[in-house]
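> Pasting a structure here, questions to come.
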Amino acid sequence: ALTTRRLAGAPGAAGTGARRERLRWAPLGFALAAYLLFGLGYIGYMSFVIALLRGQGLSEGLRTAFYVLLGAGVVASSWLWAGLLQRARAGGALALLNGLLALATLLPVLSAHPLAVFASGALFGAVFLSVVASTTALVRRNLPTSLWPAGIAAFTVVFAAGQIAGPTLVGWLADGPGGLPLGFMCSAAALALGSLLALRQRPLQPA
């Protein structure tokens, strides 16, 4: 009878443990908010940068060179940030990368000189995909293995929300008197705020 009770109780106990093992978003709140703002800010840049450059009178050849440099930055990004992401436990990596994206977003607004434009493209390309990797690193170093899918899903949800809102916001601002430069400044501000919020994210697991 005792054996029967144990066997009958085992599934119930397992079910109770499974119910308890749910991701709590609050401890990751600062990182999630920073990632939401990343989605909002980065997509505004990617959606409208070619329109900004065209409006500033850059030739087709220079615009092509801009995209070549952006692509070269993407290729180099995993090598550039591998060491940082391997050490990342809190929000520092996310903060640094968001801050660099804010700078990259501002550069073509501050100056239409080809050097500023090329620096923007190269920097943006070298950073934006590593922001995604930084959240994966944060999840893996702070959550138990069983919660990795839920943690990554949480970051994906807020990122998608930012991606939806970003083009709408920048497009709305671009239609106003400030034009695209104002939209880009707001994207940069969102990324900068995301950087500040990410700095407040603390490790959830002891070293």
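> Describe numerically, in nm with one decimal, the distance between label points set 7 Å from Cα along Cα→Cβ at Leu62 and at Val157.
For the pair Leu62/Val157, the computed spacing is 4.5 nm.
> Could you state the number of Å between the C-alpha centres of the range 37-102 and the range 173-207?
Between the Cα centre of the range 173-207 and that of the range 37-102, the gap is 13 Å.
> How large a share of the accessible area of the chain, in percent, is made up of carbon and sulfur atoms when the probe is 1.4 Å and the other protein chains stay in place?
Exposed carbon and sulfur together represent 69 percent of the surface.
> Oh, and also: Can you sort Leu180, Leu115 by 1.4 Å-probe accessible area, starting with the largest?
Sorted descending by solvent-accessible area, the residues read Leu115, Leu180.
> Rounded to a whole number, what is D in µm²/s for the range 95-181 from Stokes-Einstein with the Kirkwood radius over alpha-carbon pairs (4 °C, 1.567 mPa s)?
86
> Can you figure out the FRET efficiency of Ile164 with Ala82, using R₀ = 45 Å and their beta-carbon distance, to the nearest 0.05?
Plugging the Cβ-Cβ distance into 1/(1 + (r/R0)^6) gives 0.90.
> Where Rh denotes the Kirkwood radius from the mean inverse Cα pair distance, what is Rg over Rh for the range 136-207?
In the range 136-207, Rg relative to Rh is 1.14.
> Under a Cβ-only charge scheme (Lys and Arg +1, Asp and Glu -1), can you give me the dipole magnitude of the range 16-131 about the Cα centre, in debye to the nearest 20?
So the dipole magnitude of the range 16-131 works out to roughly 560 debye.
> HN-Hα J couplings of the range 174-189 from phi, Karplus 6.51/-1.76/1.60, θ = phi - 60°, integer Hz, Gly and Pro as x?
5, 7, x, x, x, x, 4, x, 5, x, 5, 5, 5, 4, 5, 5
> Let me ask something else about it. What full-extension length gain, to one decimal in nm, is calculated for Arg22 and Thr145 as 0.36 nm per residue of separation minus the Cα-Cα distance?
Once the chain is fully extended between Arg22 and Thr145, it gains 43.1 nm.
> Another question, then. Who wins for biggest fluctuation among Gly121, Gly162, Gly55 in a Gaussian network model of the chain, springs between alpha carbons below 10 Å?
Taking springs between Cα atoms under 10 Å, the residue moving most is Gly55.
> May I ask for the Kirkwood hydrodynamic radius of the range 68-114, worked out over all distinct Cα pairs and given in angstroms to one decimal?
Evaluated on the range 68-114, it is 12.3 Å.
> What value, in deg cm²/dmol to 500, does the helix sum -39500 (n - 2.57) over DSSP H runs of n ≥ 4 give at 222 nm once divided by the residues of the chain?
Estimated from H runs of four or more residues: -29000 deg cm²/dmol.
> Skip the ligands, DNA and RNA, and give the accessible area per residue of the range 153-207 with a 1.4 Å probe, whole Å².
Accessible area per residue, the range 153-207: 53 Å².
> Then there is this: With every protein chain present, what is the per residue accessible area of the range 82-149 (1.4 Å probe, Å²)?
39
> Bin all alpha-carbon pair distances of the range 47-88 at 10 Å intervals from 0 and give each bin's fraction as a whole percent.
Computed distribution, short to long bins: 26, 35, 23, 15, 1.
> Quick check of the Kirkwood formula: for the chain, what is the inverse mean of 1/r over all pairs of different Cα atoms, in Å?
18.5
The values are calculated or read from the model by the stated rules, or taken from the named source; none is laboratory data. The structure presented is a predicted model; accordingly, all values stated were derived computationally and were not measured. Glycine gets a Cβ as well: all are built from the backbone with ideal geometry, and neighbour counts include every protein chain shown. Please note that ligands, DNA and RNA were not included when accessible areas were found on the heavy atoms of the full protein model with its side chains. Shrake-Rupley method; radii C 1.70, N 1.55, O 1.52, S 1.80 Å.
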